[in-house]
């Protein structure tokens, strides 16, 4: 049985159409280059896991998607990079909700002092109703936000002058805080003297004694070598902090749906691995930081909570966040007064 020339050409064309239809859409798109920037040292688990995700995304898309990572404030401080992700100069940027609070007020709600007793409570809230409420608010300012947030950890106070054992020890204490209304409000309520300084300038501010101390999770204290310019670490655990992974809304919407799905899949996997990395890292860091010269003390948080309540801190922020948002938080934290 033979085919004439027209039938043969028609058959080839039909076969080619089927093959083209079977190809993933991203195979037919132009190469996509995205900028991912953050404020974290290159060796931090956030950057290690994101680089793994970037490689996996590039592999699965056959090299079509190339995400360039700029760690350690290479493209500016937090407030500057937030402006850049809004303008489109940066495509993806993880940021603490407490700094994002300057743009999305409710994003800082997870930073209310002593709200989360443990990590089980943190993730129930942030992956649950509270996180969904915050993400909905972020979506209204033309930013895309991924469903899962990175772990930055429970924050502790370091000092070059004295250990912080009670709220009274903070009176007049010059402490660096991120550029965030809630952070400033909390330490003012504790009668400290907070100074808003971007993380890129923290080491020099401590070194030159512009401030006496700062507060951060142990992983950041270690990786940023803050132990070189601090003597004491007070394990206050006064707040939990994470980073929402944000993308420029217009740029994200311009990506094909299959590309969005691949990026989301690998970023989510990286975030979950990073959370476990931070948990394991913090478990062993105290001993390492002691060996590097930090002296640890372990305050009872009751004096801090009592001082905040007396100063009207919780009442003030209940008014600012509103009853609906506070209801979502207190579902997990219990009543904050």
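The values are calculated or read from the model by the stated rules, or taken from the named source; none is laboratory data. The shown structure was predicted, so the numbers you read here are calculated from the model rather than taken from an experiment. Heads up, the Cβs are rebuilt from the backbone with ideal geometry, glycines too, and the neighbour counts pull from every protein chain shown.
At-a-glance table
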{"quantity": "Residue satisfying all of: in the range 225-254; in a loop (DSSP other than H, G, I, E, B) and in contact with a strand residue (DSSP E or B) (Cβ under 7 Å, 6 or more places away or on another chain); surrounded by the most Cβ atoms within 10 Å (Cβ to Cβ) among these", "calculated": "230"}
{"quantity": "Test: residue 11 is at pLDDT below 55, part of a helix (DSSP H, G or I), out of contact with any helix residue (DSSP H, G or I) (no Cβ under 8 Å at 6 or more places or on another chain) and closer than 27 Å to residue 259 by Cα", "calculated": "no"}
{"quantity": "Counted residues, the range 206-223 - those being more than 18 Å from residue 170 (Cα to Cα) and over 17 Å from the mean Cα position of the chain (by Cα)", "calculated": "3"}
{"quantity": "Every residue from the range 87-105 that is in contact with a strand residue (DSSP E or B) (Cβ under 6 Å, 6 or more places away or on another chain) and in a loop (DSSP other than H, G, I, E, B)", "calculated": "88, 90, 91"}
{"quantity": "Wholly enclosed strands (runs of 3 or more DSSP E) of the range 106-218 bearing at least 1 residues in contact with a helix residue (DSSP H, G or I) (Cβ under 6 Å, 6 or more places away or on another chain), over 30 Å from residue 250 (Cβ atoms) and modelled with pLDDT under 95", "calculated": "150-159"}
{"quantity": "Residue count for the range 38-48, restricted to those that are assigned to a helix (DSSP H, G or I) and either over 14 Å from residue 275 (Cβ atoms) or touching a strand residue (DSSP E or B) at 6+ places or on another chain (Cβ under 9 Å) (or both)", "calculated": "3"}
{"quantity": "Of all residues making up the range 225-246, the number that are over 16 Å from the mean Cα position of the chain (by Cα) and closer than 26 Å to residue 107 by Cα", "calculated": "4"}
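A quick yes/no check of all residues on (1) out of contact with any helix residue (DSSP H, G or I) (no Cβ under 8 Å at 6 or more places or on another chain); (2) surrounded by 13 or more Cβ atoms within 10 Å (Cβ to Cβ); (3) modelled with pLDDT under 95; (4) assigned to a strand (DSSP E or B):
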residue: 21; (1), (2), (3), (4): yes, no, yes, no
residue: 27; (1), (2), (3), (4): yes, no, yes, no
residue: 55; (1), (2), (3), (4): yes, no, no, no
residue: 85; (1), (2), (3), (4): yes, yes, no, no
